[in-house]
Every structure is written in structure tokens, then in C-alpha cells.
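S.K.: Got a structure here, written out as C-alpha cells. Questions coming.
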Amino acid sequence: MSRNPESASVATACLTPTQRAAQEPFLFVLRELAQTYQAFSSYDEDHIRQLGLTLPQYDVLATLGNTSGMMMSQLAEKTLVTKGTLTGIVDRLEKKGLVQRIVPPDNRRCFIVKLTPAGEQLFEAVFPEHTAYLKQRFDRLDASTLQEIRRSLQQLREIFT
């Protein structure tokens, strides 16, 4: 049985503005995006906690890994951590002996955050382990699907920047 387009538009016209807004197709995308992020975040964070780190600590270690260090402003741009929270995370990682702050001789107003040898050792242990943990799930998708998801997410991000 086909539906009459005129009756559908009449039914839509009878809705309140709030009811019409609730039927916007992009809202279903937002809900799926939020639920997907929550599911991923839970899966991701559970493993990172098993490694003895918090999600923000792991983010900082993974960002500093394989680098010669970064200024705090660079680190804030590259991590998922807000600038206000980053100082506390770096403080805690410094107390654990995993990072150090280095004041460059040419600019005494800033400092570089760098992994210590213990931080490098931890990074070398946990980064491949966590990557393999995530790979188990992402391997369920073929390369073309991953590329399609990536393109869609980039396109979505670009409409907000």
C-alpha cells in the first residue's frame, strides 16, 4: 500500500514546532554518534585503566611518545584534554616520574613536556598493547568501510569548523 504524500504533509503540518523539530533526520545521526562514542569510550577506557592509567594520562603519553617533547600549548592542541585540565595531568605524570618539564634556554617563559626514560618505557609497553586491543574490534571492518567512516566523520567535522 503506497502512502499518499499529501496526507503525510498534512500530518506533518499538524505537528507542533517541537514535534517537527524532534523528527529532524540529523537528530538520529547525533544520537547514533553519541551512543557510538559512549560504547567506544567505555571499551577504550576499561583497557587503559587495566594498564594503570587514566584516559587523559594515556592521551598525553601517547601524544608525547616518539617525540622529543612538546610545549604545553602544542600538547593541548594535539590531545583531547582541555588546557585547564592538562596542567594537573602533567603534574600527576611528573609525580609518577613519567614526564619532565624542561625550560628552553631561549624562552624562559614556557616549558617543554617530555617523557622521562620511565615514561618512554611505559609508552613502549602500553601503546602497542592498547593499539592491538583496539585493532581486535576494528578488524571486524574491511578497509573500504573504515575509509568510508573516516570520510564521513571528516565531512561531519568540517561542517562545524
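The values are calculated or read from the model by the stated rules, or taken from the named source; none is laboratory data. All figures in this text were calculated on a predicted structure; none of them were measured in a lab. So basically every Cβ, Gly included, is an ideal-geometry build from the backbone, and we count neighbours across all protein chains shown.
S.K.: Looking at segment 16-69, which of the residues that are outside any helix (DSSP H, G or I) and polar (S, T, N, Q) is farthest from the chain's Cα centre (by Cα)?
M.R.: Here the answer is THR16.
S.K.: For segment 35-52, how many residues are surrounded by 14 or more Cβ atoms within 10 Å (Cβ to Cβ) and modelled with pLDDT under 95?
M.R.: 1
S.K.: Does at least one position in segment 87-100 carry a residue that is at pLDDT 95 or above and surrounded by fewer than 11 Cβ atoms within 10 Å (Cβ to Cβ)?
M.R.: So far as segment 87-100 goes, yes, one or more of its residues are at pLDDT 95 or above and surrounded by fewer than 11 Cβ atoms within 10 Å (Cβ to Cβ).
S.K.: Check LYS78, LYS96 and return the single one that is touching a Gly at 6+ places or on another chain (Cβ under 9 Å), of a type in the set (Lys, Arg) and within 15 Å of LYS114 (Cβ to Cβ).
M.R.: When all the criteria are applied, what remains is LYS96.
S.K.: Would you point out which residue out of GLU124, GLU77, GLU129, GLU148 is over 21 Å from ARG49 (Cβ atoms), in a helix (DSSP H, G or I), out of contact with any strand residue (DSSP E or B) (no Cβ under 6 Å at 6 or more places or on another chain) and modelled with pLDDT of 95 or more?
M.R.: Just a single option satisfies the conditions, and that option is GLU148.
S.K.: Suppose the filter is outside any helix (DSSP H, G or I) and either modelled with pLDDT under 95 or not acidic (Asp, Glu) (or both); does ARG157 pass it?
M.R.: Against the criterion (outside any helix (DSSP H, G or I) and either modelled with pLDDT under 95 or not acidic (Asp, Glu) (or both)), ARG157 does not qualify.
S.K.: Can you tell me which residue in segment 103-128 is farthest from the chain's Cα centre (by Cα), limited to those that are closer than 17 Å to LEU61 by Cβ and surrounded by fewer than 12 Cβ atoms within 10 Å (Cβ to Cβ)?
M.R.: PRO117
S.K.: Need the failing condition index for ALA13 against (1) surrounded by fewer than 10 Cβ atoms within 10 Å (Cβ to Cβ); (2) closer than 14 Å to LEU134 by Cα; (3) hydrophobic (A, V, I, L, M, F, W, C), just the number.
M.R.: Of everything listed in (1) surrounded by fewer than 10 Cβ atoms within 10 Å (Cβ to Cβ); (2) closer than 14 Å to LEU134 by Cα; (3) hydrophobic (A, V, I, L, M, F, W, C), ALA13 misses just condition (2).
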